[in-house]
Each structure stands twice: as structure tokens, then as C-alpha cells.
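Asker: Once you've had a glance at the structure underneath, I'll fire off some questions.
The values are calculated or read from the model by the stated rules, or taken from the named source; none is laboratory data. All of these numbers come straight from a predicted model, not from anything done at the bench. Here the Cβ positions follow ideal geometry from the backbone for every residue, glycine too, while neighbour counts run over all protein chains shown.
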Amino acid sequence: MTLLRTRVRRLAEAATTPLVPADFFDLFAPLRRGAELRGRIEQVRAETKDAATLVIRPGADWAGHVPGQYVRIGIDVDGVRQWRAYSLTHGPLADGRISITVKAVPDGLVSHHLVHRTHPGTLVHLEQAAGDFVLPPSGGRFLFVTAGSGITPVIGMLRNLFPSTDEGVLRPTRSARHDVVVVHVAPSRPDSIFIRDLEALDRAGAIRLVSRYDDVHGVLDIDELPALVPDLVERRTLACGPAGLLDALQGFLDGKGLELLTEQFRTARVEPGEGGTVSFADGRSVTADGSTPILDAAEDAGVLMPSGCRMGICYGCVLPMTEGSVRDLRNGEITTAVPGESGAIKIQTCIHAAAGACQLDHS
């Protein structure tokens with residue numbers, strides 16, 4: 001029987017070359033078990049003027065998630081597949097759907113595409129959920145400090161602890177072990193994602209909400225935290241937001257001997273420049289100018305690089321860039337890889353030059 005199946009498969013592959021039968025199955029059943037993991041966007045719901053929630057039906061091989069975890073999503077933007085990580089904004093749902101909430105940031109190629117150009121029916125690529133920014137099931141006393149879209153993993157935890165229904169906010173038995181204070185920072189109330197959810201939880205007594213809006217209270221001074229949360233030292237602090245806030249909070253809590261668990265949705269960026277240091281996974285590094293392809297600069301420095309370019313074989317020089325910026329020498333376009341946000345991005349080293357420090361996964 002195994003021999004028969006093998007022969008049938010080979011006949012099918014020969015008849016469909018250069019495609020394989022799986023390529024045709026993907027057209028009709030892209031979410032089937034055994035296929036590359038994908039999801040279909042079923043709803044795009046505006047949250048604010050620059051943020052939207054995407055409801056996605058994942059493929060049959062989706063393994064589920066723990067509230068607070070994130071998922072990496074791949075989507076083709078102008079013909080190039082881009083990957084970004086987004087927090088899941090709920091606990092496990094009975095219908096199997098998942099959702100992410102995306103805020104369009106000023107230089108965010110993918111975030112703008114997802115918020116303003118994506119429509120129901122769009123297929124996206126998925127990876128399994130990951131991340132350790134989760135609540136211990138044993139419960140305890142917690143302080144969440146969030147800013148902007150840093151609320152997204154936290155709202156997933158809170159929705160799981162305190163589900164909302166038409167009758168109001170529920171307080172299931174599992175939530176009784178959790179005492180939660182949320183300090184949420186946003187430019188203004190209209191710009192605050194999920195503020196209605198947070199306020200409803202506060203009114204129901206499920207959490208204590210401390211809202212801080214820049215246009216009303218000014219920028220949050222971390223030194224004010226003990227006044228905002230008098231029992232701060234009795235709570236375990238979890239935070240998600242911009243790098244500057246997390247760095248300040250880390251320094252403040254370190255000074256008091258308190259621990260901090262963070263999820264950084266967006267790292268501090270370095271502006272692309274002309275040239276830079278190209279680092280490799282084995283510890284070697286090469287200084288490259290802004291007009292020489294990374295492939296040439298590395299080879300001139302004695303680094304053996306994968307390549308088929310000179311023999312007319314395209315894409316043999318492609319390597320994953322795990323961090324940093326490069327410039328496409330054909331059109332000047334900048335590509336940036338951000339740890340924790342974009343993941344590794346594959347680049348052609350024969351046409352890209354360093355646009356600042358960058359790291360390539362090559363040894």
C-alpha cells in the first residue's frame with residue numbers, strides 16, 4: 001500500500017510540475033490540517049483612528065495560546081513578505097478564532113497595511129503562539145503598567161480573568177485569586193486603545209484602573225508611581241510599552257529591589273545611516289560603507305558568503321537579518337529588522353548595503 005501511494009504521488013507531481021499537488025490544495029483548503037500554518041482575516045474592527053482589531057480564523061494545526069502570548073504574522077506587502085509579532089488580545093475562544101489589535105505607527109510599513117489596507121478574506125501566514133509574558137495560575141497581587149498599544153497583551157489576560165457579557169463583567173472562581181491594578185498611559189483618552197474595556201472592569205470592581213493621559217496629566221514620571229499605587233512593594237509588576245518607559249521603570253524598581261516582567265512591543269530605533277558594522281552569528285564583524293553590497297564587503301574581508309549571483313543563479317546570497325538596517329542599492333529603500341517585532345528578515349546581500357549596524361544569521 002505504501003508503494004502504491006508513493007507511485008500515485010509521483011504521478012501527480014509529474015502531471016502538475018513545476019507545481020506539486022499541495023499547491024492546488026492550498027487554493028481550495030489553505031487552512032487544512034497538514035498545510036503551512038495560515039489564517040484567514042474575518043473581521044477588521046476599528047478601535048481608534050489609527051488602531052484596529054483583526055479577527056482571524058487560524059488553520060487546523062493552530063495549537064492554541066495562553067493569554068498574554070503573541071503570534072508572529074506574515075503578510076505580503078507590495079510583493080514582499082513581512083513578518084511582525086502581535087499580542088493576542090483574548091484568552092482561548094470557543095469558536096477557535098484569534099484576534100490581534102494593531103496600532104499604525106508613523107514608520108510602520110506593516111502596521112499601516114494591516115490597519116488601513118487589509119480586508120476580510122485576506123490570508124496571512126502564522127507561527128504558533130509564543131512568549132512568557134503571562135500570569136501565574138496561582139494568582140497573587142499584580143501591577144500592570146502599560147502605555148499605548150502595550151495594553152494589548154494585558155487586555156488578553158484581563159478578558160480571560162474577567163469575561164464581559166451582555167449582563168456585565170463576570171467574576172469566575174479562577175479570578176478570585178488575582179488582585180490587579182492597571183496604570184495605563186496614553187496621549188489622550190480618545191487615543192487610548194481598549195479604554196472602555198478597562199473602565200468597565202474598573203466600574204465592576206474587577207480591577208483598579210489608574211489612567212494617565214499626556215494631555216491632562218503630562219508625561220508620566222515614574223517617581224510618582226508609589227503615590228499612584230501605595231501598595232506597590234506588595235505587588236508583582238508586569239509592564240508593556242515603549243523602550244523608554246520600560247527602561248525607566250526597570251531602573252526605578254531595581255532601586256527598590258523589586259522584580260519586573262516586561263513585554264516590549266517596540267524597541268528603541270536607531271536611525272539608518274550610511275554604512276556600518278555588519279556582524280555575523282559566529283562573532284565576526286565587517287565594517288562596510290553605504291555604497292558597497294554587503295556580499296562584496298564581506299568577501300573582501302575574507303568572510304565566505306553564500307552566493308550564486310556571478311553564475312546567474314539568483315537568490316543564492318539571501319541571508320536572514322536579525323537586527324539592523326540595510327539599503328537597497330537599486331532604489332534606496334530601507335529595510336529594518338527589529339528583534340521582538342519583525343523577527344528575522346531575509347535580504348539579498350548582493351544588492352543591499354549596510355545602513356547602520358546590522359546582524360546577519362550566518363556563520
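Asker: Applying the selection to region 48-75, what residues are of a type outside the set (D, E, K, R) and assigned to a loop (DSSP other than H, G, I, E, B)?
Answerer: Gly59, Ala60, Trp62, Ala63, Gly64, His65, Val66, Pro67, Gly68, Gln69
Asker: Something else now. So Leu246 ticks every box in (1) assigned to a helix (DSSP H, G or I); (2) crowded, with 19+ Cβ neighbours inside 10 Å; (3) more than 25 Å from the chain's Cα centre (by Cα) but one. Which box is left unticked?
Answerer: For Leu246, the failing item is (3).
Asker: Can you tell me which residues in region 155-179 are of a type in the set (D, E, K, R) and modelled with pLDDT of 90 or more?
Answerer: Once the filter is applied, which keeps residues that are of a type in the set (D, E, K, R) and modelled with pLDDT of 90 or more, region 155-179 yields Arg159, Arg177, Asp179.
Asker: Next question. Is there a residue being within 24 Å of Asp50 (Cβ to Cβ), of a type outside the set (Ser, Thr, Tyr) and touching a residue at least 40 places away in the same chain (Cβ under 8 Å) anywhere in region 159-177?
Answerer: Looking for residues that are within 24 Å of Asp50 (Cβ to Cβ), of a type outside the set (Ser, Thr, Tyr) and touching a residue at least 40 places away in the same chain (Cβ under 8 Å), one finds at least one in region 159-177, hence yes.
Asker: Within region 76-122, which residues are small (Gly, Ala, Ser) and either at pLDDT below 95 or part of a loop (DSSP other than H, G, I, E, B) (or both)?
Answerer: Residues satisfying the conditions are Gly79, Ala85, Ser87, Gly91, Ala94, Gly96, Ala104, Gly108, Ser111, Gly121.
Asker: Further, regarding this structure: Residues of region 228-241 being outside any helix (DSSP H, G or I) and crowded, with 18+ Cβ neighbours inside 10 Å, which ones?
Answerer: Selection gives Val229, Thr237, Leu238, Ala239, Cys240, Gly241.
Asker: While we're looking at this one, here's another question. If you scan region 123-159, which residues turn out to be assigned to a loop (DSSP other than H, G, I, E, B) and under 19 Å from Arg72 (Cβ atoms)?
Answerer: If the condition is that a residue be assigned to a loop (DSSP other than H, G, I, E, B) and under 19 Å from Arg72 (Cβ atoms), then Glu127, Gln128, Ala129, Gly131, Asp132, Phe133, Val134 are the ones that fit.
Asker: Pairs, please: C-beta under 6 Å, at least 6 apart or cross-chain, first residue more than 16 Å from Gln43 (Cβ to Cβ) and in region 54-71, second among the β-branched types (Val, Ile, Thr)?
Answerer: Val66/Val134; Gly68/Val134
Asker: Report yes if Ser175 is in contact with a Phe, Trp or Tyr (Cβ under 9 Å, 6 or more places away or on another chain) and either surrounded by 16 or more Cβ atoms within 10 Å (Cβ to Cβ) or part of a helix (DSSP H, G or I) (or both), otherwise no.
Answerer: Yes, satisfied.
Asker: Scan region 27-47 residue by residue and report those that are part of a strand (DSSP E or B), touching a residue at least 24 places away in the same chain (Cβ under 8 Å) and surrounded by fewer than 19 Cβ atoms within 10 Å (Cβ to Cβ).
Answerer: Correct list: Arg40, Glu42, Gln43, Val44.
Asker: Here is a follow-up. Could you check, for region 10-23, whether at least one of its residues is among the basic types (Lys, Arg) and either at pLDDT 85 or above or crowded, with 17+ Cβ neighbours inside 10 Å (or both)?
Answerer: no
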